[in-house]
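Enquirer: I am attaching a structure below and will ask some questions about it afterwards.
The values are calculated or read from the model by the stated rules, or taken from the named source; none is laboratory data. Values in this document were obtained by computation on a predicted structure and should not be read as measured data. Quick reminder, even Gly has a Cβ in these numbers, built from the backbone with ideal geometry, and neighbours come from all protein chains shown.
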Amino acid sequence: MVTKIKKRKPITNADEFIALPNRIVDYVRDNLRQVVNIALALTLIVGLIFLGQFWWQRREAHVFLLYAQAESLLKQGQQDKAVEVLHKVADTHTKVAKFAILRLANIYEQDNKLDKAIVYYQDYIEKAGYKDLLSPLVLHALSCDYLSLGKSKEAETALQTIIKRWPNLPLTDWAYVNLGLLWEEKEPAKALEMYQLTFKDKGNPLIPQWVELKIKTLQ
């Protein structure tokens, strides 16, 4: 009796011996239209990214020139035109915008339009954030404007923010002084504490000499 020998299936398919580069060539040849469409789409995306970056850089440069124009107008005494240009710069989402906001606050402050100055100082803090190097100075200016308008609670909040977020800055000693002045009449004990805290850094030239007299009077 003759036994039939069953043929075994090959362990690997024939195309498994094809090298990877040849596989890629075969795939491209068989799916040329799809590959071309994908390549075009990727090229378009990359192109748009580079164009966007180029446009943004050009826009930044244009906005900077506008800010320089505003400063030039201010030097020429054309404040109304300068303010108009600064408003345009402030409305952009560029790095220069926050400086335009700060400049507008400064202009309104000089014109004794403190309500407007406060709005722009607040806008600066909101957009720049507390990590910005100028934020403690802006908060100090904000507190001074609040005090000038008799808004004690708002001034107190601004000063306490300076103390909380920047405890080691020399400017913080002035925050202690101003809080002392705010509390001296109604809460002399708290005012004394604020005055005393100003001397934690005795080498600070910002501390006025009259603070020592305040301490002696309240002790």
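Enquirer: Would you list the helices (runs of 4 or more DSSP H) that sit entirely within region 96-214 and hold 1 or more residues that are touching a helix residue (DSSP H, G or I) at 6+ places or on another chain (Cβ under 8 Å) and over 25 Å from Q79 (Cβ atoms)?
Expert: Values: elements: 97-110, 114-128, 135-148, 152-165, 170-183, 188-197.
Counting at least 1 such residues, we get 135-148, 152-165, 170-183, 188-197.
Enquirer: For the list (1) surrounded by fewer than 16 Cβ atoms within 10 Å (Cβ to Cβ); (2) in the same structural domain as Q219 (by TED's automatic domain parsing), I need the number of the one condition that Y176 fails.
Expert: With (1) surrounded by fewer than 16 Cβ atoms within 10 Å (Cβ to Cβ); (2) in the same structural domain as Q219 (by TED's automatic domain parsing) applied to Y176, the lone miss is (1).
Enquirer: Being more than 18 Å from E126 (Cα to Cα), modelled with pLDDT under 85, touching a helix residue (DSSP H, G or I) at 6+ places or on another chain (Cβ under 6 Å) and part of a helix (DSSP H, G or I) is the requirement here; does A82 meet it?
Expert: no
Enquirer: Can you tell me which residue in region 150-172 is farthest from I125 (Cα to Cα), limited to those that are buried (at least 20 other Cβ atoms within 10 Å of the Cβ) and either at pLDDT below 90 or of a type in the set (V, I, T) (or both)? Can you show your working first?
Expert: Within region 150-172, the first condition is being buried (at least 20 other Cβ atoms within 10 Å of the Cβ), and the residues that meet it are 155, 158-159, 162, 172.
The next check asks that each one be either at pLDDT below 90 or of a type in the set (V, I, T) (or both); those that pass are 162, 172.
Numbers: I162: 12, T172: 17 Å.
If we take residues in region 150-172 being buried (at least 20 other Cβ atoms within 10 Å of the Cβ) and either at pLDDT below 90 or of a type in the set (V, I, T) (or both), then T172 is farthest from I125 (Cα to Cα).
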